[in-house]
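Worksheet: one structure, shown below.
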Amino acid sequence: MQLFSRLPEQQLRRVRWALLIGWMLLIASLLLPVIMLPAALVPPCSVAFDPDCQLHQQPGNRLFWGTVVPVGLLLIGAISHELWRRVCPLAFVSQLARALGRQRSRPGRKGRPEVVMVEAESWLGRHHLTLQWSLLIGGLCLRLLAVNGSPIGLAILLLVTLAAALLVGWSWGGKAWCQYVCPMGPVQTVLTGLRGPLGSTAHVASTSKITQSMCRTLAAEGREQSACVACQVPCIDIDAERSFWQNLHGKRGLSWIWYSYPGLIVAFFLLMQAVGVGSGLEDHPLGYLRSGAWAFDAGQPQRVWQALWPALPLPRLLAVPLLLSAAAASSVLLFQGLQRLLERFFRHKGLGEPQERAAQRTRLLASFLAINLFFWFVDPFQGALGGEGGEVLQLLVLLATSIALYRSWGRDQATYRRESASESLRRQLRDLPGLEAALDGRSLEVLSPQEVFTLVKALPALGRQQGRGLYRDVMAEMLRTGRLDRASALLELQELRQTLQLDDSDHHAVVRTLASEQPELLELDPLQRQVDDLRREAAHEAVEELLRLAGLQVLEPERLSPALQEQLDHLQAESGLDEARWQAVLQSFGPRGELERRHLEERRVAWTQEAGLRALLGQLAAGDPLLRPLVQAMVQRTEGPRRELDRRLVAAGLEPLPASVPACGELDQALDLLWRDPDPDTAGWVLMLARERDPQRAARHLQDPRTGLAASPFLLSQRRGEIAPDREEFPAIAGAQLFADLLPEGILWVAHQGHLQACEPGETLMSRGAPSDGLALVLQGEVRLQTAAGQPVVIGVGQTVGEMGVITGDSRSASVAAGEEGATLFVLPSQVFEELLRRSRHFGRGLLAHLAARLEAEGPVLAN
């Protein structure tokens, strides 16, 4: 359902103006007693509950506290946060400075002014939740102690709030008031949870880049465009569910706020009901609250003190805050205990992610209880519809929130990520040939996430290159929008790789391609990438609109008029982008051909440098078998992107990549490059060699945390300085022609699967006619092979024996015995050999080369 996110901005502007005018009229009615609100706007007092009605003494108080505030919470908790976030008058006021172009700015790069933003690491960025919740509790105390029944007090409070919203909106860009200062901001987060009962989804089934309650503005012709400057990431206005998952752990103060809110509600209203003693309504259960008298009772502050004094003999200025704080703390302890119980239960059941699952469900329960407790105490109709009207509203709220709780209960972060990946995949599939036949008349847009993955499997064979292209585009989009973290991408996109029939090496190849084509995707953390993407998207739309109004097709800054240049400078100041990213936005509107050629020339230079390092490693590996797996890693880096890069070079009218590149550079350059390789086992291999040969280099590597890159058990063990259990087998395995094409990951796997075997001189290792149950690699000494023709063949260190029988499945065609000095062998069972063929296409190529060399060297001796 995209109902509230699709409501026209033009209409909602009118609603916001109407609400703001109503707000001002309310303040006027409070300040000028002669100005009375129309009776139709204020629910009448219930005779049964309030015989001495004070309606005509404080009508504004009753309307605001008894109806406006509850209706706001009803919209947020029982309908959708999207509607309220788009019409809130305080949010509207906070954006007036932006609309007038009068926000606070400071000199940026090159002296150009830029709008001040709330930095994530600033005091406000780190402690805003504490500030907002303190303001909320302070407001509750102020209401109980002074302003609840005071028209002047309420008017001052509303005026101060308006002024604060205006001041914050001038001081910082974006929705700084809503996100960092407004006391209702955390309440909206708590009541929304994963998504409101009628809320929309932003990560699936959204055809617009403007989602949920995302900031937007109107272009000259009335078209809506994003006005987001990423003032907070993750943002509840863009994607409430993503905000929920990303803030589930590590968000300072949020857990305390979430769990304290139900306790605050209970304490506040029980205190209110206790205060109702002496009001004439205490004989009816909750009569003082549900009649609306609590919203304007002028005698309330005095009765607060009278109700508290026997139990808490302190001045009411201290007693009220202490009572509310104690209730909040008790609520936190209760829900924290529930979370621990749920976590133990999930661990006992063997369910995945027990801590995350327990935190999610405890927060959902807290949200459910908070909204229902509030409307159990409060009737926004204030008895105007009788007792039955309030009960009907309670039931409707219970029904709506129960549906939301049921819908959210079984969700987890993995499901959200899978749906996000399917949505990115859906966008990449739209122009794929043969799609119509596979869809069988259905629309791609109506497919569920599971059906999208199934569709890819049903399509004609994509081929590895096309599959890699789809995988790269999906990964790039998810990285750009902050929905994917580079370090966990290997695990999170595993299902997509299986669907596209790709393996881990394809993932690493795609990461290398992105590192050269779009390095910013891999250099920033997910939140920074999301900020960058949101700001860049909004800036792109603004520049596009400016060019359209100016009648320009191509942007050439040096030819712009002073007026247009001034407008561009103003857009840059509003965008929040630094100079480099702003220039990238401008270049996207420049002459495309020249920009593409310049980019391709940069890539050619980088590729040639890596190819030269690859040739250098190849030369050094001839005398150092432990470098051979790293040669293959360099082959992956250079040959993987070669075909696509060649195609783009030729299309741009440039020379293709050279067929061969002479060795150049230094070994240190190659090792530094491979230390940052996406494959963690390659990095672990580099660290292993550095520890053994160059401790200073190892120390430098250890200072680099490889932020954003994957880890593996082997890499982690090398970081700890441990010696690999199979270390003594590595040189022989890496130096064997049979395993010449294996990456470090493959060498590690082979070493782990095989075992050592020491043989006495003359000991028979294989007998002619016996089953071919494995092959052996000679590590020390030699073995002698006796064929049926009687011709002995000596197999030395680094050579293999028995592989022909394993490949063909035939029995042994010759007997093998240890040499005169015995031998040490590395034995690999036949089933492991077959698994290696399945796991690694690189091994298949090496095997063919090995067999060709053996047949050429030994001819008919081993042909059978």
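Annotations for the structure displayed:
- Among the residues of this structure, Glu594 counts as one that is at pLDDT below 85 and surrounded by fewer than 16 Cβ atoms within 10 Å (Cβ to Cβ).
- Residue list for region 133-189, filter: of a type in the set (Val, Ile, Thr) and either more than 17 Å from Gly253 (Cα to Cα) or free of Cβ contacts under 8 Å to residues at least 24 places away in the same chain (or both): Val147, Ile152, Ile156, Val160, Thr161, Val168
- Among the residues making up region 99-127, those that are assigned to a helix (DSSP H, G or I) and open to solvent by less than 70 Å² (accessible area, probe 1.4 Å) are Gly111, Leu124, Gly125, His127.
- Scanning region 470-499 for residues that are without any contact (Cβ under 8 Å) to a residue 60 or more places away in the chain and open to solvent by less than 20 Å² (accessible area, probe 1.4 Å) gives Leu470, Tyr471, Val474, Met475, Ala476, Met478, Leu479, Arg497, Thr499.
- Gln632 being open to solvent by 70 Å² or more (accessible area, probe 1.4 Å), touching a helix residue (DSSP H, G or I) at 6+ places or on another chain (Cβ under 8 Å) and not basic (Lys, Arg): no
- Residue check, Asp672 free of Cβ contacts under 8 Å to residues at least 24 places away in the same chain, part of a helix (DSSP H, G or I) and either surrounded by 13 or more Cβ atoms within 10 Å (Cβ to Cβ) or in contact with a Pro (Cβ under 9 Å, 6 or more places away or on another chain) (or both): yes
- With respect to the conditions (1) part of a loop (DSSP other than H, G, I, E, B); (2) at pLDDT 90 or above, Met24 falls short on a single one, namely (1).
- Within region 794-803, being buried (at least 16 other Cβ atoms within 10 Å of the Cβ) and touching an Asp or Glu at 6+ places or on another chain (Cβ under 8 Å) holds for Ile795, Val797.
- Residues of region 545-568 classified as of a type in the set (D, E, K, R), surrounded by fewer than 16 Cβ atoms within 10 Å (Cβ to Cβ) and closer than 26 Å to Arg104 by Cα, total: 1
- Selection count, region 346-373, where residues are open to solvent by 70 Å² or more (accessible area, probe 1.4 Å) and at pLDDT 95 or above: 1
- Any hit, region 164-172, residues being outside any helix (DSSP H, G or I) and open to solvent by 10 Å² or more (accessible area, probe 1.4 Å): yes
- Within the option set Leu462, Leu502, Leu432, being open to solvent by 10 Å² or more (accessible area, probe 1.4 Å), assigned to a loop (DSSP other than H, G, I, E, B) and modelled with pLDDT of 85 or more holds for one residue only, Leu502.
- Meets criteria (over 25 Å from Pro744 (Cα atoms), surrounded by fewer than 18 Cβ atoms within 10 Å (Cβ to Cβ) and modelled with pLDDT under 75) for Gln518: no
- Scanning region 443-459 for residues that are part of a helix (DSSP H, G or I) and either under 13 Å from Glu423 (Cβ atoms) or modelled with pLDDT of 75 or more (or both) yields Leu444, Glu445, Val446, Pro449, Gln450, Glu451, Val452, Phe453, Thr454, Leu455, Val456.
- Those strands (runs of 3 or more DSSP E) lying entirely in region 682-789 with at least 3 residues touching a Gly at 6+ places or on another chain (Cβ under 7 Å) and either open to solvent by less than 50 Å² (accessible area, probe 1.4 Å) or not aromatic (Phe, Trp, Tyr) (or both): 774-787
- Filtered by the rule that a residue be part of a loop (DSSP other than H, G, I, E, B) and hydrophobic (A, V, I, L, M, F, W, C), region 548-570 gives Leu552, Val554, Leu555, Leu560.
- Residue list for region 804-834, filter: open to solvent by 20 Å² or more (accessible area, probe 1.4 Å) and assigned to a strand (DSSP E or B): Ser815, Ala817, Glu820, Glu821, Thr824, Val827, Pro829
- The residues of region 600-618 that are open to solvent by 20 Å² or more (accessible area, probe 1.4 Å) and either without any contact (Cβ under 8 Å) to a residue 12 or more places away in the chain or touching a Lys or Arg at 6+ places or on another chain (Cβ under 7 Å) (or both), listed by number, are Glu602, Val605, Glu610.
- Residues in region 262-274 that are closer than 18 Å to Phe368 by Cβ and open to solvent by 20 Å² or more (accessible area, probe 1.4 Å): Val266 alone.
- Every pair of residues 6+ apart whose Cβ atoms lie under 6 Å, when the first sits in region 21-36 and is open to solvent by 90 Å² or more (accessible area, probe 1.4 Å) while the second is modelled with pLDDT under 90 and not charged (D, E, K, R): none
Quick grid of which residues meet (1) of a type in the set (Ser, Thr, Tyr); (2) under 24 Å from Gln466 (Cβ atoms):
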{"residue": "Ala400", "(1), (2)": "no, no"}
{"residue": "Tyr406", "(1), (2)": "yes, no"}
{"residue": "Glu419", "(1), (2)": "no, yes"}
{"residue": "Arg430", "(1), (2)": "no, yes"}
{"residue": "Val446", "(1), (2)": "no, no"}
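- Just one of the numbered conditions (1) buried (at least 18 other Cβ atoms within 10 Å of the Cβ); (2) in contact (Cβ under 8 Å) with a residue 40 or more places away in the chain; (3) farther than 30 Å from Glu544 by Cβ is not true of Ala621: (2).
- When residues of region 628-637 are limited to those that are within 14 Å of Gln669 (Cβ to Cβ) and out of contact with any Pro (no Cβ under 9 Å at 6 or more places or on another chain), the one modelled with the lowest pLDDT: Arg637
The values are calculated or read from the model by the stated rules, or taken from the named source; none is laboratory data. What you see is a predicted model, and the numbers here were worked out from it, not measured in a lab. Methodologically, a virtual Cβ is constructed for each residue, glycine included, from the backbone with ideal geometry; neighbour enumeration extends over all protein chains shown. Ligands, DNA and RNA are stripped out before the accessible areas are found, and what is left, the full protein with its side chains, is counted by its heavy atoms. Shrake-Rupley method; radii C 1.70, N 1.55, O 1.52, S 1.80 Å.
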